[in-house]
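Notes to accompany the following structure.
A short reminder: the numbers here are calculations on the coordinates, not readings from a lab. What you are looking at is a predicted structure, and each value in this text was computed from that prediction instead of being measured. Cβ placement follows ideal geometry from the backbone for every residue including glycine, while neighbour counts extend to all protein chains displayed.
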C-alpha cells in the first residue's frame, strides 16, 4: 500500500495488507474501532456499521 | 405389423407402417374416419377426438 | 376500469409501463394488469435442460408443447419472476400491487384440452399429456374486492382447469376474458409493435381505426402471434368492452398514449 | 385460526399436508399456510449457473448470500414453483387456495439490512448488496379479508423492504410474525423431524412439552436451522400466540397430529 489510510475515529495510521478487499473489516490498532474498507488503492476507511442478527432462508 | 388393426367404425383392416407411433392420427381407407393409434404391437385404434382451437402462450 | 395486457416480447419496457400504471392508479384510476411469459420461459427452460418444443395445430397456429415439466417451468417464470418483477416496480412507485396467477382463487378457470391435434415432426398426432386450455370463467368478485380495498391486481398465467390442473393459456385471450368479466371500458394490449399494420413490419402502414363489427376481416393482416391478439379483441368487443387498443409498449407513458388513441383502436 | 409453516426439507410431504389442510378448511377451520424454499432454490440456482453461496454471520448463523440474481431465483422458486404447487394440491382437494408472496399487497414488510457482517472465505466482511431482512409488519387486513371471503391464503417469501425491494426473510420467523398479527391460537411448524430433541437425531429424546417462559433455555438443544425455529417460537409466544408446536411433516394428517399435541408443544 502506498500510504497507510487514517482511522476516521482517532486519525491513527491503519496498516493494511496488500490482499485487503473492499468491504473487509479491519480494527484500528490504536482505538480498537471496527472499520470498513470502502476503497482500495488508495485505501479509504469508515466506521463499520452496527447491526443485529436477522437472516433469510 | 403382425396383423392390421380393425377400424372401430367400419371394421375394415387399417394397414399401418412399422414406424407408426402411439398417438399418431391415421385415416381409415374404407370409411375415411380419423383414427388415433392408442397402442402399438399389437396396434389398437379408436376414433380421434374432435376439438376446437385453443392454444396457450 | 382498464385492463392492460403487457406483452413479454423484446423491447417492451416494464419500467415505463409500471411507472405509467402507478401514476394512473395513484390518480384513482381502477386498473388490472395482465401479462404472459413465453419469451422468458424459453430461456429458463433451455437453461434447466428442458428446452421448449413448439407444435403447430392442424389449422396452422403454433403453440408451446406444454407437458408437465414445461408447465411447471412456465408457471415458475410467469408467476414467480415476471409477476413479482412487475409487483416490485409498482410497489416502488407507491402503487400497492398484488400479484396473482389464474390458479389462485380460481381467478381464471376453464377447460383443459385433454387431447390436442398437432403436426409434430411431420406427423399428425394426438397429444394427451398437454396442459393447455382456454379461460372460460373469471373470478371477477375477487379482483373487484382487491380493487375496492385499494390494491392493483397483476394477473399471470397459468389458469386452472375444472379438475384443478394448472393450464397454459394465451395471455391475450385471458386479458380479453378479464376485460369482459369486469366490463372494462378499455382493453389495452401493449407489445413491441405500434399496432396492427397492413404490411408488417412497415410501421407507416399502421391501421389506426377498426370498426368493431369488421374486426374479423382484419385477421388477414395479422401475422402468427398477432392473429391470437386480434381474436382476443373480437371476443372482448363481442363481450361488451367498448374499446380495444393495440399499442406500442416500448414508448414512454405507453398506457396514457393508448388511452389517447395512439395505436390501432377497435371500438 | 391456525398458522402452519411448511418446511421444504427432504421428506416433508406436501401431498399429505395439503390433504390435511384442505380437510380442516372444508370443516370451517380458518388457517393460513406459510412456506419457505431454500432446498429447491439451491437446486435451481445451480442449474441456472448461479450456485448458492452461504455466509456465516459473526455470531455463527449460516445464511444464504442473497445478491440480486440469487434474490430473483429465490423469489421465482418460492413464489412461482413451491407456492403454486401447494395451491394446485389444495385446489384439487376443493380448498380455494390463494397464493401470495410477502411482496404482494406488502403482506410482509420490514427493514432490509443495508449492510451485513459476515465471515466469508475466512475474512470478516461487510456485504452491502445483500437483499436480506426481517418481517416487522404484517398486512393482517388483507389476509383476513381473503379468509372472510372463503379463501385459504398460502404465503411465500420474499418479503418487501420499506423501499420496495424484495427481501429474503426466514420463513419460520415470518410465520411467527403472521401468527402474532392474526392472533392465531396455534403456530404449527412442520419439518422433517418429529420436534425438538435433546440429543439430535435420536428421536427417542423428543422434548414433548416446553413452558413458554423457558423457551430461551431450550436454545441449547437446537441445531443450526432449529435455532431459528426456536427463536420464532419465542417471538410468537411473546406476541400472544397460545401454542407453538414443532411437529413432523412426514407423517399422514400431520396438522391434525400436531393439533392433537404430537411433537414439541410450547404453550
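Data overview
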item	result
Two-decimal Rg/Rh across the protein assembly as shown, once Rg and the Kirkwood Rh are taken from alpha-carbon atoms	1.04
Mean separation of Cα contacts under 8 Å, 6 or more apart, over the residue count of segment B:1-49: relative contact order %	37
Fraction of antiparallel bridges per DSSP, chain C only, in percent to nearest 5	40
Label point 7 Å beyond Cα along the C-beta direction, distances from residue A:46 to other copies (nm, shortest first)	7.0
Cα shape, segment D:1-111, gyration tensor, a/c 1.5 rule	prolate
Where labels lie 7 Å past Cα in the beta-carbon direction, separation of residue C:267 and residue D:209 in nm	7.3
Nitroxide proxy distance, nm - points 7 Å out along Cα→Cβ at residue C:23 and residue D:140	3.9
Euclidean distance between Cα centres, segment C:165-242 to segment A:1-31, Å	64
Beta bridges per DSSP with both ends in the protein assembly as shown, % antiparallel, nearest 5	50
DSSP bridge orientation in segment C:91-234 - percent antiparallel, rounded to nearest 5	60
For residue D:267, inter-copy label distances in nm, listed shortest first [label point 7 Å out on the Cα-Cβ vector]	6.4
Average other protein chain Cβ within 10 Å of Cβ, residues D:84-91	6
Nitroxide proxy distance, nm - points 7 Å out along Cα→Cβ at residue D:94 and residue B:47	3.3
Residue of chain D whose Cβ sits closest to the axis mapping D onto C, with distance in whole Å	D:80, 1
Inter-centroid distance (Cα atoms) of segment D:39-53 relative to segment C:28-102, Å	20
In Å, descending, principal axis extents of the Cα set of chain C	52, 40, 33
Most mobile listed residue (D:193, D:244, D:154) in chain D, GNM with C-alpha springs under 10 Å	D:193
Least to most buried among C:197, D:76 (fewest other Cβ within 10 Å first)	C:197, D:76
Per-residue average of Cβ from other chains inside 10 Å of D:15-24	0
Ascending count of other beta-carbon atoms within 10 Å, so fewest first, for C:134, C:227	C:227, C:134
Dimensionless Rg/Rh of segment B:1-49 - Kirkwood Rh, Rg from C-alpha atoms	0.90
Packing-based exposure ordering (other Cβ within 10 Å, fewest first) of C:106, D:30	D:30, C:106
Shielding by other protein chains, C:103-116, mean Cβ within 10 Å	5
Position residue D:162, label points 7 Å along Cα→Cβ, spacing to each other copy in nm (shortest first, one decimal)	5.2
Gyration tensor (alpha-carbon) shape descriptor, segment D:113-267, a/c threshold 1.5	oblate
